[in-house]
Amino acid sequence: MRILIAEDERDLNELIKKRLKNNGYSVDACFNGKEVFDYLLCAEYDALILDIMMPKMDGWQVCREVRETSKVPIIMLTARSEERDELQGFELGVDEYISKPFSPKILVARVNAILR
């Protein structure tokens, strides 16, 4: 299974990537919203993990555009933890919404659950 991470905090991006790889996933990582589409043109993914607050294009817009053509599972992983943000995410079509700070073990468990 292949997962794409879009997270602009490099240390956090690397931590997520390492945890997912240790659990048997193939992982690609990018650092801004526009890069997501470069990756999507080159490969198929079983899930996307998106931050909301990213440079060049935020996670909301990435989600909108991905949902126009794909039903790939999307997990929002963000510091925006207010109820209205979470509701907006679900209205846009995310499959899971995880607020930072988060447990890497729980993130992997949720990825596993979504991909079952």
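The values are calculated or read from the model by the stated rules, or taken from the named source; none is laboratory data. Keep in mind the model is a prediction, meaning the values are calculated, not measured. Neighbour counts run over all protein chains shown; Cβ positions are idealised from the backbone, glycine included. With ligands, DNA and RNA removed, areas are computed over all heavy atoms of the protein, side chains included. Shrake-Rupley method; radii C 1.70, N 1.55, O 1.52, S 1.80 Å.
If you take the residues in segment 39-84 that are surrounded by 14 or more Cβ atoms within 10 Å (Cβ to Cβ) and among the small types (G, A, S), which one is nearest to V27 (Cα to Cα)? The qualifying residue nearest to V27 (Cα to Cα) is A47.
Test K21 against the criterion of being out of contact with any helix residue (DSSP H, G or I) (no Cβ under 7 Å at 6 or more places or on another chain), surrounded by fewer than 18 Cβ atoms within 10 Å (Cβ to Cβ), at pLDDT 95 or above and not in a strand (DSSP E or B), and give yes or no. Yes; evaluated as a whole, the condition is true for this residue.
Scan segment 90-116 for residues that are among the small types (G, A, S) and either part of a helix (DSSP H, G or I) or surrounded by 17 or more Cβ atoms within 10 Å (Cβ to Cβ) (or both) and the total you get is 2. Scanning segment 1-12 for residues that are assigned to a helix (DSSP H, G or I) and open to solvent by 50 Å² or more (accessible area, probe 1.4 Å) returns R10, D11.
May I ask you to say which residue of L15, L87 is surrounded by fewer than 14 Cβ atoms within 10 Å (Cβ to Cβ), assigned to a helix (DSSP H, G or I) and out of contact with any Asp or Glu (no Cβ under 6 Å at 6 or more places or on another chain)? If you could, list the steps in order and put the result at the bottom.
On the way: L15 fails: surrounded by fewer than 14 Cβ atoms within 10 Å (Cβ to Cβ).
Exactly one of L15, L87 is surrounded by fewer than 14 Cβ atoms within 10 Å (Cβ to Cβ), assigned to a helix (DSSP H, G or I) and out of contact with any Asp or Glu (no Cβ under 6 Å at 6 or more places or on another chain), namely L87.
Quick check on segment 80-94. Is at least one of its residues of a type outside the set (V, I, T) and touching a residue at least 40 places away in the same chain (Cβ under 8 Å)?
no
In this structure, V62 qualifies as aliphatic (A, V, I, L, M), over 12 Å from D8 (Cα atoms) and not in a strand (DSSP E or B).
Of the residues making up segment 52-61, none is modelled with pLDDT under 90 and of a type outside the set (K, R).
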